[in-house]
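Note sheet for the following structure.
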Amino acid sequence: MTAVVEPPVARLAALPGVSTASRVAAQAAHARTTGRVLPVSPALSGLLPASGLRRGSTVAVHSSTSLLLALLAEATAAGSWAAVVGVPSLGVAAAAEHGVAVSRLALVPRPGAEYPAVMAALLDGVDLVVTEPRSIQPSIARRLSARARHRGAVLISLGPWPAADVELHCARGRWSGLSQGNGHLESRPVVVHAAGRGAAARPLSASLTLPTPAGRVAPALVDPVAEPMGVPVGVPVGVPSQLTRAEAAEETLAAPPHLIPEEAVG
């Protein structure tokens, strides 16, 4: 009697913790339909586990306010609520230009000594909570991530965060929209690099236009010549002082940081 040889893929898929691509795709689709994953723009979905923002996770966004707002846009448009804590330079106009539903956006620009309590309260009742981790102690950061995990919120950090589940780094290219030294800065190509833990452990990259002239995010038509990660792009000589509101918001955040008082982080 001839023995039936099981295909290698089937043997691998039977191992604990191993899934086939079709099974992973099915799990991701189920997570989105049940609300366990908040939607993001299709241009960003390939960089995130389950193609969206998984409830209970912590995401760190480096070097780009536009990328941060792009992450909020789809979820808030679909009905999720978001709050931004301790980022006084982020304004409603810039958020609206990036597609964020500002009617479902709460801003707490300067929580002061109540920072941990404000963050905890918002993580209990808001879908997405954004913060800027200036001078926050690692122990406070870990407790806030644990609260997000238990409450099913998504914690998004504009900057490094201890043990973040997903890290998004944005390497930025040159702005377009200027002609003969005048005009408005409209869009620029970027390369977004994603890495992290667990399902996000495999590094990924995507070439995008962020923002587009309409203020959104889209796949880049050509690969950008990006600046080194984390290095702000300077405005060339001859560029007028009048910028788009989206550009003004992003460049303002490169200014000297607003520090959270020591008593606010325990």
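The values are calculated or read from the model by the stated rules, or taken from the named source; none is laboratory data. Everything numeric in this text was worked out from a predicted model, so none of it was measured. As a convention, Cβ positions derive from the backbone with ideal geometry for all residues, glycine included, and neighbour counts pool all protein chains shown. Accessible surface is based on the protein model in full, side chains and every heavy atom, while ligands, DNA and RNA are left aside. Shrake-Rupley method; radii C 1.70, N 1.55, O 1.52, S 1.80 Å.
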Region 107-148, accessible surface, carbon-and-sulfur percent (1.4 angstrom probe): 53 percent
Mean separation of Cα contacts under 8 Å (6+ apart) over length of region 60-183, as relative contact order %: 34 percent
Contour minus Cα-Cα distance for D124 and S205 (0.36 nm per residue): 25.9 nm
Approximate spin-label separation R197-S139, in nm, with each point projected 7 Å along Cα-to-Cβ: 1.9 nm
Nonlocal amide H pairs with V40, under 5 Å, H built at 1.01 Å: L53
R54 accessible area, 1.4 Å probe, all protein chains in place, Å² to nearest 10: 100 Å²
Label point 7 Å beyond Cα of A146 along Cβ direction - residues of region 58-91 with amide nitrogen under 20 Å: 58-60
Residues whose placed amide H lies under 5 Å from that of A106, excluding near-sequence neighbours: A82, A83, V84
